[in-house]
1. Could you count how many residues in the range A:25-41 are without any contact (Cβ under 8 Å) to a residue 60 or more places away in the chain, surrounded by fewer than 22 Cβ atoms within 10 Å (Cβ to Cβ) and under 15 Å from the mean Cα position of the chain (by Cα)?
2. Go through (1) exposed (fewer than 13 other Cβ atoms within 10 Å of the Cβ); (2) without any contact (Cβ under 8 Å) to a residue 12 or more places away in the chain one by one and return the number of the condition residue A:102 breaks.
3. Would you call residue A:3 surrounded by fewer than 19 Cβ atoms within 10 Å (Cβ to Cβ), more than 16 Å from residue A:88 (Cα to Cα), within 14 Å of chain B (Cβ to nearest Cβ) and touching a strand residue (DSSP E or B) at 6+ places or on another chain (Cβ under 7 Å)?
4. Of everything in the range B:19-32, what is at pLDDT 95 or above and of a type in the set (A, V, I, L, M)? Give them in sequence order.
5. Looking at the range B:41-49, is at least one residue at pLDDT below 95, farther than 13 Å from residue B:74 by Cβ, loosely packed, with under 13 Cβ neighbours inside 10 Å and within 14 Å of chain A (Cβ to nearest Cβ)?
6. Residue B:3: within 15 Å of the chain's Cα centre (by Cα) and either surrounded by fewer than 15 Cβ atoms within 10 Å (Cβ to Cβ) or at pLDDT 95 or above (or both), yes or no?
7. Need pairs with beta-carbon distance below 9 Å; first residue free of Cβ contacts under 8 Å to residues at least 12 places away in the same chain and within the range B:62-87, second polar (S, T, N, Q) and crowded, with 16+ Cβ neighbours inside 10 Å; sequence gap 6+ or separate chains.
8. In the set B:61, B:78, which member is exposed (fewer than 15 other Cβ atoms within 10 Å of the Cβ) and either away from chain A (no Cβ under 12 Å) or touching a helix residue (DSSP H, G or I) at 6+ places or on another chain (Cβ under 7 Å) (or both)?
Amino acid sequence: DSGVTQTPKHLITATGQRVTLRCSPRSGDLSVYWYQQSLDQGLQFLIQYYNGEERAKGNILERFSAQQFPDLHSELNLSSLELGDSALYFCASSPPRGSGSYEQYFGPGTRLTVT
Amino acid sequence: AQSVTQPDIHITVSEGASLELRCNYSYGATPYLFWYVQSPGQGLQLLLKYFSGDTLVQGIKGFEAEFKRSQSSFNLRKPSVHWSDAAEYFCAVGAVGGNLIFGKGTKLSVKP
């Protein structure tokens with residue numbers, strides 16, 4: 001158990017819909033990262049937050065957005081869903097800057113199926 | 001651009017045999033390197049990491065990896081594979097922004 005939690009574990013929805021994925025980082029970690037894992041694209045970085053502020057963006061679609069709340073949990077919002085958005089979505093957290101550690105700890109993921 | 005290449009998509013080894021999974025990276029500076037393992041339907045578990053110092057790093061589950069700057073490689077090794085090691089293995093490099101760039105993964109099958 002990495003200490004990173006994600007809900008829900010599975011999500012099945014229809015095209016055009018909107019969903020919210022939730023992540024709670026490990027205790028003490030300030031950074032949250034979102035990744036998408038699909039068969040054709042592999043593991044792709046979407047977006048990073050650090051202590052409530054957006055820090056980096058990767059291959060995130062405009063239909064997707066995220067935020068990190070004061071209690072440091074994060075939500076990834078996916079809207080106008082398409083079949084191609086079906087994937088495993090991971091959240092990861094990492095120790096604070098200055099800790100000397102740069103590894104990321106991953107949650108169990110949310111499997112999204114768009115029908 | 002930063003990238004990670006795992007040349008082997010699928011490897012099959014016999015239980016008890018040694019294992020080496022290859023990883024090559026492209027990065028301008030001294031990289032932060034990682035190996036993660038993913039069992040079916042599971043998240044990614046950190047096996048080991050390299051930040052600096054000793055180029056041979058030890059990880060969990062009996063795995064080790066060696067950083068070779070001259071070859072831009074960070075290969076994962078295990079002297080004796082167990083059936084429970086069957087999984088997918090991902091090499092990753094830490095990007096400038098802090099996020100990880102992953103290879104495509106190597107699926108390991110273990111023959112009894």
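1. 1
2. Of the numbered conditions (1) exposed (fewer than 13 other Cβ atoms within 10 Å of the Cβ); (2) without any contact (Cβ under 8 Å) to a residue 12 or more places away in the chain, the odd one out for residue A:102 is (1).
3. yes
4. Of everything in the range B:19-32, those that are at pLDDT 95 or above and of a type in the set (A, V, I, L, M) turn out to be B:19, B:21.
5. There is at least one residue in the range B:41-49 that is at pLDDT below 95, farther than 13 Å from residue B:74 by Cβ, loosely packed, with under 13 Cβ neighbours inside 10 Å and within 14 Å of chain A (Cβ to nearest Cβ).
6. Yes: the conditions hold for residue B:3.
7. B:66/B:73; B:66/B:75
8. Only one candidate passes the filter, namely B:61.
The values are calculated or read from the model by the stated rules, or taken from the named source; none is laboratory data. Quick caveat, the model's predicted, so the values are computed rather than measured. With ideal geometry, Cβ positions are generated from the backbone for all residues, glycine too; neighbour counts draw on all protein chains shown.
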